[in-house]
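Please read the structure below before turning to the comments.
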Amino acid sequence: CMALGYDMANQPVPVVPAAHYTCGGVMTDKQGHTDVEGLYAIGEVASTGLHGANRMASNSLLECLVFAHTASVDILAKLDSAPMPPKLPSWDESRVTNSDEEVVVSHNWDELRRFMWDYVGIVRTSKRLQRAKSRVDLLQNEIYEYYSHFRVSNDLIELRNLTLVADLIIRSAQQRHESRGLHYTIDYPNKNPVAQNTILIP
């Protein structure tokens with residue numbers, strides 16, 4: 001802290017909320033199974049149901065250890081009888097070229113980060129969520145167009161995946177007309193006593 005000009009003995013250290021407020025993930029059972037045969041989800045990507053609408057940061061470490069263990073035991077027990085995955089078709093690059101606009105990927109990545117922070121952060125409103133939804137729809141269209149014309153890169157695939165997750169977060173928040181746990185919206189400040197889990201399929 002001293003290197004950054006903060007003396008903890010004389011002044012508070014500034015803090016800022018981070019991605020803790022995006023709970024949820026891929027639904028699993030106690031062994032980490034998803035609804036896709038042979039696919040497991042463990043750790044931050046998984047929604048095990050243990051923490052409800054809120055999850056304190058360090059609690060996830062214990063969850064990761066426990067579910068990693070139960071999943072590994074299940075995987076080892078089924079390993080010998082598991083079918084081989086289907087062979088992937090060969091990638092056809094005859095209709096694409098090297099990208100001449102790599103800046104598009106980095107620009108879209110930065111834009112996604114900014115509007116998710118500004119519009120889908122800790123305090124939400126219906127108007128902010130709709131702005132975010134409009135932006136993520138445009139980004140997904142741009143990514144699809146880019147994806148169709150240029151060779152695929154790791155950054156492009158990651159950006160595509162990030163926009164998909166962002167879209168699911170936004171849609172999930174739009175469907176929850178209440179405030180609960182770490183989802184707070186000014187337009188619906190109270191809990192809905194009959195609210196259910198929000199489960200979305202892309």
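The values are calculated or read from the model by the stated rules, or taken from the named source; none is laboratory data. Since the model is a prediction, treat every value here as computed from it, not as a measurement. Positions of Cβ are generated from backbone atoms using ideal geometry, with glycine treated the same way; all protein chains shown enter the neighbour counts.
Looking at Tyr188, Tyr147, which is the one that is of a type in the set (Phe, Trp, Tyr) and part of a loop (DSSP other than H, G, I, E, B)?
Numbers: Tyr147 fails: part of a loop (DSSP other than H, G, I, E, B).
Criteria check complete, one pass: Tyr188.
Suppose we filter region 29-49 for residues that are farther than 15 Å from Lys78 by Cβ and modelled with pLDDT under 90; how many remain?
Summing the residues that are farther than 15 Å from Lys78 by Cβ and modelled with pLDDT under 90 in region 29-49 gives 8.
Against the condition in contact with a Phe, Trp or Tyr (Cβ under 8 Å, 6 or more places away or on another chain) and either not assigned by TED's automatic domain parsing to the domain that holds Glu37 or not in a helix (DSSP H, G or I) (or both), how does Leu162 come out, does it pass? Explain how you work it out, then say what you get.
Details: in contact with a Phe, Trp or Tyr (Cβ under 8 Å, 6 or more places away or on another chain): yes; either not assigned by TED's automatic domain parsing to the domain that holds Glu37 or not in a helix (DSSP H, G or I) (or both): yes.
Answer is yes for this residue.
Say we look at region 64-82 and pick out the residues that are part of a helix (DSSP H, G or I) and charged (D, E, K, R); which of these is nearest to Ala41 (Cα to Cα)?
The initial filter retains those residues of region 64-82 that are part of a helix (DSSP H, G or I), namely 64-78.
Add one more test, that the residue is charged (D, E, K, R), and what stays is 74, 78.
Working: Asp74: 13, Lys78: 16 Å.
Result: Asp74.
Just the residues that are among the hydroxyl-bearing types (Ser, Thr, Tyr) and either at pLDDT below 95 or buried (at least 19 other Cβ atoms within 10 Å of the Cβ) (or both), please, taken from region 112-165. Walk me through how you get there before you give the answer.
Step one: list which residues in region 112-165 are among the hydroxyl-bearing types (Ser, Thr, Tyr), which gives 119, 125-126, 134, 144, 146-148, 153, 163.
The answer is Tyr119, Tyr144, Tyr146, Tyr147, Ser148, Ser153, Thr163.
Against the conditions (1) modelled with pLDDT under 85; (2) small (Gly, Ala, Ser); (3) touching a His at 6+ places or on another chain (Cβ under 9 Å), where does Gly25 fall short? Just the number, please.
Single failed check for Gly25: (3).
Can you tell me which residue among Val73, Val103, Val66 is under 24 Å from Ile143 (Cβ atoms) and of a type in the set (A, V, I, L, M)?
On the way: Val73 fails: under 24 Å from Ile143 (Cβ atoms); Val66 fails: under 24 Å from Ile143 (Cβ atoms).
One residue alone meets the criteria, Val103.
What tally of residues in region 133-164 results from selecting those that are under 22 Å from Gly25 (Cα atoms) and in contact with a Lys or Arg (Cβ under 9 Å, 6 or more places away or on another chain)?
Going through region 133-164 one residue at a time, the tally reaches 3.
When you scan region 101-150, how many residues do you find that are basic (Lys, Arg) and either touching an Asp or Glu at 6+ places or on another chain (Cβ under 6 Å) or without any contact (Cβ under 8 Å) to a residue 24 or more places away in the chain (or both)? Steps first, answer last, please.
Residues of region 101-150 that are basic (Lys, Arg), as a first pass: 113-114, 124, 127-128, 131, 133, 135.
Checking which are either touching an Asp or Glu at 6+ places or on another chain (Cβ under 6 Å) or without any contact (Cβ under 8 Å) to a residue 24 or more places away in the chain (or both) leaves us with 113-114, 127-128, 131.
Residues flagged as basic (Lys, Arg) and either touching an Asp or Glu at 6+ places or on another chain (Cβ under 6 Å) or without any contact (Cβ under 8 Å) to a residue 24 or more places away in the chain (or both) within region 101-150 amount to 5.
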